[in-house]
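The values are calculated or read from the model by the stated rules, or taken from the named source; none is laboratory data. Model, not experiment: these values are computed from the prediction. No Cβ is skipped: glycine too gets one built from the backbone with ideal geometry, and neighbour counts run over all protein chains shown.
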Amino acid sequence: MPTPDLLDPKKEHTLVLVKPDGFRRGLTGEILRRIESKGYVLKGLKIKQADRALLEEHYAEHRERPFFQGLIEYMSASPLVAIVVEGDRVIEGVRSLMGTTNPTLAAPGTIRGDLGRDWGTGQVENLVHGSDSTTSAIREIALWFPELEYHAED
Ligand code: IDP
């Protein structure tokens, strides 16, 4: 049996997605460079074609929003990159590196502010996802990386 990859439960983790537009545009390296340069550590990484069921679960909180179907189409259009990142206050830190949701309004210096484009289509394509709370991070890591396990507490 292969040994499962282990996460240290005493450390903070977040789920990052380089969304299909980011992967297609060849920005995975640039996005990971920013995350690693900040001192965060990659604990899991895979290229994945996400299906609707996975994305509907991932974005369950937005199910009733008018942009939901467009969001699922955007996220399932082509492969994305899913990453587990570890570090002190990494959830907040990655959100800060990402910038706000709308790339036009995101601050320069952030991933979305520097690299995101507004296509004027109504569908916000903003390159990257990062969990927004500890509860979301635990839920999302279990969803995208069911093979990752936490160390037993000492
Ligand atoms: P976040 O990704 O900045 O945390 P959320 O509000 O959680 O933003 O929304 C999740 C994703 O849904 C966004 O990243 C974006 O792709 C999409 N989205 C959010 N608001 C809109 C909208 O008003 N129109 C179209 N898509 C949206």
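Only one of (1) within 12 Å of the ligand (Cβ to nearest atom); (2) within 22 Å of Lys46 (Cβ to Cβ); (3) at pLDDT 95 or above is not met by Glu125, so which one is it?
(3)
Of all residues in the stretch 128-148, count the ones that are of a type in the set (Asp, Glu) and either surrounded by 13 or more Cβ atoms within 10 Å (Cβ to Cβ) or near the ligand (Cβ under 9 Å from one of its atoms) (or both).
The total comes to 2.
From the list Leu55, Leu71, Leu42, exactly one residue is within 12 Å of the ligand (Cβ to nearest atom), in contact (Cβ under 8 Å) with a residue 24 or more places away in the chain and of a type in the set (A, V, I, L, M). Which is it?
Leu71
May I ask you to list the residues in the stretch 77-110 that are closer than 19 Å to Gly26 by Cβ, in a loop (DSSP other than H, G, I, E, B) and touching a strand residue (DSSP E or B) at 6+ places or on another chain (Cβ under 8 Å)?
Passing the criteria: only Pro79.
If Lys10 passes every condition in (1) closer than 16 Å to Glu149 by Cα; (2) surrounded by 13 or more Cβ atoms within 10 Å (Cβ to Cβ) but one, which one does it miss?
(2)
Among (1) in a helix (DSSP H, G or I); (2) within 15 Å of the ligand (Cβ to nearest atom); (3) within 26 Å of Thr135 (Cβ to Cβ), there is one condition Gly113 misses while meeting the rest; what is its number?
(3)
Right, Val18: within 18 Å of Arg112 (Cα to Cα) and among the β-branched types (Val, Ile, Thr) or not?
When the stated conditions are applied, Val18 passes them.
Would you be able to tell me the number of residues in the stretch 58-76 that are touching an Asp or Glu at 6+ places or on another chain (Cβ under 8 Å) and either of a type in the set (Phe, Trp, Tyr) or within 21 Å of Leu27 (Cβ to Cβ) (or both)?
Total satisfying the criteria: 3.
I'm told Asp132 meets every condition in (1) in a loop (DSSP other than H, G, I, E, B); (2) in contact (Cβ under 8 Å) with a residue 60 or more places away in the chain; (3) within 12 Å of the chain's Cα centre (by Cα) except one. Can you identify the failing condition by its number?
Going through (1) in a loop (DSSP other than H, G, I, E, B); (2) in contact (Cβ under 8 Å) with a residue 60 or more places away in the chain; (3) within 12 Å of the chain's Cα centre (by Cα) one by one, Asp132 breaks only (2).
For Pro79, are the conditions met, namely being at pLDDT 95 or above and either farther than 20 Å from Thr110 by Cβ or of a type in the set (Val, Ile, Thr) (or both)?
Considered against the rule, which asks whether it is at pLDDT 95 or above and either farther than 20 Å from Thr110 by Cβ or of a type in the set (Val, Ile, Thr) (or both), Pro79 comes out as yes.
Considering Thr28, Thr14, which residue is over 18 Å from Ile141 (Cβ atoms) and either among the polar types (S, T, N, Q) or in contact (Cβ under 8 Å) with a residue 40 or more places away in the chain (or both)?
The match here is Thr28.
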